[in-house]
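Working notes, structure below.
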Amino acid sequence: MRILFFLLLSFLNLIYAHADEVTLIGAGATFPYPLYSKMFQEYYSIKKVKVNYQAIGSGGGIRQLINKTVDFGASDAFISDENLKKYGNNILHIPICIGAVVLSYNLHGNPAIKLTPEIISNIFLGKIKKWNNPAIATINPDIKLPDQQIVVIHRSDGSGTTFIFTDYLSKVSEEWAKKFGKGKSINWPIGLGAKGNPGVAGLIKQIPGSIGYIELVYALHNNMSYAQVKNKNENYITPSIQSVSYAANIELPEDSRVSLTNTDAEQGYPISGFTWILTYNDLSNLNRNKAQELVNLFWWMTHEGQKLAAPLEYAPLSPKAQSIAEQIIKKIKYNNEILWNTISK
Amino acid sequence: MEHNFKINKDRLYFRVINISPYFLIFLLASIYITLFIFSYPAIKQFGLSFITSSKWDPVFNKFGSLAFIYSTIVTSILSLIISLPFSISLAIYLGFYKKEGKIAEFLKTVIELLAGMPSVIYGFWGLFVFVPLMRNLEIKLGVLPYGVGIVSASIILAIMIIPYTTIISREVISLVPNDLIEASYSLGATKYETIKNVVFPYSLSGIFAGVLLSFGRAIGETMAVTMLIGNANSIPQSLFGPGNTMASVIANEFTEATGDIHLSSLFLIGLLLLIITSIFNLLGRVVINKFKIEG
């Protein structure tokens, strides 16, 4: 009995000790999860504010934000105008970093191949069926391409990666846009589906003659070969942190809800996109302290936190993207008070 | 005082025991009802075309689940056909020929271990060990060497369900009264004839129950199937082609299903899966009762 009482007392003590410590809860995209968890770990060691992030997928993140079960959401695809209106037009998108999607393949000898938008869309439409197709051969004159069937591999689970990739396809191919469109899950005309980046990468490694799309981060970590892609300015761009960051150094709309695919940037890699933190414009449904901590966190993530991106192979915000992020954070209110004015940096 | 307390406890226990079965019925009913409520928007929008169309297009919000229903039933039945010869012979061996002894004990342990193995391990093993073998076979056969597909998924499913059928069938076979077996021997029957004419008819309904349980597992299996079936949301062109099952498409798409009608359609697939499982179970009950020998 005495022991029980003691246990109860120490338990109560535990609760009290943590009562004044703020914990922020977020949920959403899986793609930036390694970066976010590193950021939040660092943030805790500096500011002693705990951030609990659950990588449940962008869709789940948005749903939880709408149901107000989390303090912030995270997504790889921005909320459409229609849905934004439905939710009450009060959600802000803060860009945090830029992700890229690369075309990885399995060819004998791992040659470095070049691809054009037309070739990519025709492969995924099922029109280019063999690797030695003249269209591929003419732009890769130095490589001996095999007379081998192309096996297309795509994601089977709904994913922001698929969204970025099909958004690109829809921009470069009218036929794709009309028949299949862009989205997180697609009615693919051909190919095999695999779950997650590891699933797609696994199938590419196993099937000779296969091609699929995966995140740049994943390709770099697993030493997979990936193609150079011709961008809008007719330059062949190797996907890298640098060329992905360039892709976002363009004029951006003030709410940052923009797709970066097929970018106008001269040296920008054309298949990339922002990943966003989602928050309410007015945080007055939270307590004042928590709202302030959230704004502090967002500011830190878009500034000091950015230096954590490159070591983890994520592309940090370009200067233009960062200034847009600042403008957006400065809009966050608590009733009529701008929380940025009272920020602790 | 003490006495009263004991009686109350007894009564409490009795009540709890009495209520729990109803709780189970309530649970099943509420699962059905919630699934129905969540899938209602899809039912209203697509009606019967949800089962007759195989177009699954989340971008343009056109949903039909025929391809998934087809692949689900094909893989389950195929896996049953593949697994039955193995599981029945194993069950006869363990339930009739080698009822006791070290080998029997060892085999039993192995089978139970196989039954308890998480399905993701089967999927993993299948993807990295079995699929490359399958690919070599496909190259020899001259079909597109995907490796993954309907056949691969069915074979792994078969391996997964063999222990279930075996464990239950062995149990019922070993329950065949010794008197009957002895009587058969004394009439001059061989072991094979005894199995065929006495053991098998006697235990048929039990074996069928085991098969039913396995079928239930095969139809709802998600993880291993997702890893091996190729996840193409269309009706498979051949047995080696890729397809997708109902359970697998739900697991794949629900996390990122942002559209209301998309989510509702996934719920409707869940409801259909539950209905299909219930139908097969009820059919099974009828068959079991038909074969039952009163003993």
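The values are calculated or read from the model by the stated rules, or taken from the named source; none is laboratory data. Owing to the predicted nature of the structure, the values given are computational and were not obtained by experimental measurement. Note that each Cβ is placed from the backbone with ideal geometry, even for glycine, and that neighbours are counted across all protein chains shown. Each accessible area value is taken on the protein alone, full model and side chains, heavy atoms only, with ligands, DNA and RNA left out. Shrake-Rupley method; radii C 1.70, N 1.55, O 1.52, S 1.80 Å.
Remarks
- On the stretch given as segment B:32-72, residues that are in a helix (DSSP H, G or I), of a type in the set (A, V, I, L, M, F, W, C) and free of Cβ contacts under 8 Å to residues at least 40 places away in the same chain total 2.
- Of all residue pairs spaced 6 or more apart or on separate chains, those with beta-carbon atoms under 9 Å, a first member in segment A:51-67 that is touching a residue at least 12 places away in the same chain (Cβ under 8 Å) and assigned to a loop (DSSP other than H, G, I, E, B) and a second member that is surrounded by fewer than 19 Cβ atoms within 10 Å (Cβ to Cβ) and among the aromatic types (Phe, Trp, Tyr) are A:Ala55/A:Tyr33.
- Residue count, segment A:207-240 (criterion: within 14 Å of another protein chain (Cβ to nearest Cβ) and surrounded by fewer than 21 Cβ atoms within 10 Å (Cβ to Cβ)): 2
- Selection status of A:Ile204, more than 16 Å from the chain's Cα centre (by Cα), in the same structural domain as A:Asn132 (by TED's automatic domain parsing) and assigned to a helix (DSSP H, G or I): yes
- Of residues in segment B:43-61 being open to solvent by less than 10 Å² (accessible area, probe 1.4 Å) and within 27 Å of the chain's Cα centre (by Cα), the one nearest to the other protein chains (Cβ to nearest Cβ): B:Trp56
- Positions within segment B:140-173 being out of contact with any Lys or Arg (no Cβ under 6 Å at 6 or more places or on another chain) and more than 19 Å from B:Ser79 (Cα to Cα), in sequence order: B:Lys140, B:Leu141, B:Gly142, B:Val143, B:Leu144, B:Tyr146, B:Arg170, B:Glu171, B:Val172, B:Ile173
- In the set (1) at the interface with chain B (Cβ under 10 Å from one of its Cβ atoms); (2) open to solvent by 30 Å² or more (accessible area, probe 1.4 Å); (3) under 22 Å from the mean Cα position of the chain (by Cα), A:Lys171 fails one condition alone, (1).
- Test: residue in segment B:62-76 that is open to solvent by 40 Å² or more (accessible area, probe 1.4 Å), under 30 Å from A:Gly160 (Cβ atoms) and at pLDDT below 95: yes
- Hey, A:Gln149 in contact with a Gly (Cβ under 6 Å, 6 or more places away or on another chain) and facing chain B (nearest Cβ under 10 Å) or not: yes
- Top-ranked residue of segment B:245-295 - restricted to ones that are among the charged types (D, E, K, R) and part of a helix (DSSP H, G or I), ranked as modelled with the highest pLDDT: B:Glu253
- Search result, residues across segment B:223-238 that are surrounded by fewer than 24 Cβ atoms within 10 Å (Cβ to Cβ) and under 20 Å from the mean Cα position of the chain (by Cα): B:Met223
- Summed over segment B:119-150, residues that are touching a residue at least 40 places away in the same chain (Cβ under 8 Å) and surrounded by 22 or more Cβ atoms within 10 Å (Cβ to Cβ) total 9.
- Filter result for A:Lys195 (out of contact with any helix residue (DSSP H, G or I) (no Cβ under 7 Å at 6 or more places or on another chain) and within 14 Å of chain B (Cβ to nearest Cβ)): no
- Within segment B:253-263, the set of residues being among the aliphatic types (A, V, I, L, M) and buried (at least 22 other Cβ atoms within 10 Å of the Cβ) comprises B:Ala257 only.
- All positions within segment A:33-61 that are open to solvent by less than 50 Å² (accessible area, probe 1.4 Å) and within 17 Å of A:Leu294 (Cβ to Cβ): A:Tyr36, A:Met39, A:Phe40, A:Tyr43, A:Val49, A:Val51, A:Tyr53, A:Gly61
- Among all residues of segment B:101-109, there is at least one that is surrounded by 14 or more Cβ atoms within 10 Å (Cβ to Cβ) and among the aliphatic types (A, V, I, L, M).
- Candidates A:Gly57, A:Gly99, A:Gly61, A:Gly88 - the one that is within 30 Å of A:Ile241 (Cβ to Cβ), more than 14 Å from every other protein chain (Cβ to nearest Cβ) and at pLDDT below 95: A:Gly99
- Residue tally, condition among the aromatic types (Phe, Trp, Tyr) and open to solvent by less than 70 Å² (accessible area, probe 1.4 Å), over segment B:264-295: 2
- Taking every residue in segment A:325-340 that is over 13 Å from A:Leu294 (Cα atoms) and pairing it with any residue that is part of a helix (DSSP H, G or I) and open to solvent by less than 60 Å² (accessible area, probe 1.4 Å), at least 6 positions away or on another chain, the pairs with Cβ-Cβ distances below 6 Å are A:Ala325/A:Thr302.
- Failed item, numbered, when B:Ile250 is tested on (1) open to solvent by less than 10 Å² (accessible area, probe 1.4 Å); (2) within 14 Å of another protein chain (Cβ to nearest Cβ): (1)
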